[in-house]
Amino acid sequence: MRSAVAFIMFLGLVSSSCQEKKKETPAYLVDENTMVDVMVDMHLVETASNLKLIEPDSSTVKYNEYFASIFSSHGINKVEFDSSLFYYSTQTEQMSVIYDKVLERLYELESEVNSDQ
């Protein structure tokens, strides 16, 4: 009798471990579309800084203000962005999709600028 109960418990354990685990997304997670929007804006600020279109700021105060403005305009804060970026970096397929969208949007913006010249 004990072996039958143990066997049934074993089968239950094995069958539950074989089922695909449902991924639970954290409550703090910034959605993919917002991440794309924020990352595009961040890349634009970084590019403007690299091209010296933004006044150089050795203490990075202005740089941080630009990023704070980006977060604010998208209704998030730095902690939410950083936490979401860390989460997505552990989900390689999702992160790849996000970066593909970022690159696509940046290429579109570049094409618009080049066509206006």
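Points worth noting:
- Charge tally in the Cβ shell below 15 Å around L53, where Lys, Arg are +1 and Asp, Glu are -1, L53 excluded: -3
- Ordering of 31-40, 108-117, 75-84 by packing [mean C-beta count within 10 Å, highest first]: 31-40, 75-84, 108-117
Readers should treat all values here as calculations from the given coordinates under stated rules, not as data from a laboratory. Everything quoted here is computed from the prediction, not taken from an experiment. All Cβ positions, glycine included, derive from the backbone under ideal geometry; neighbour counts span all protein chains shown.
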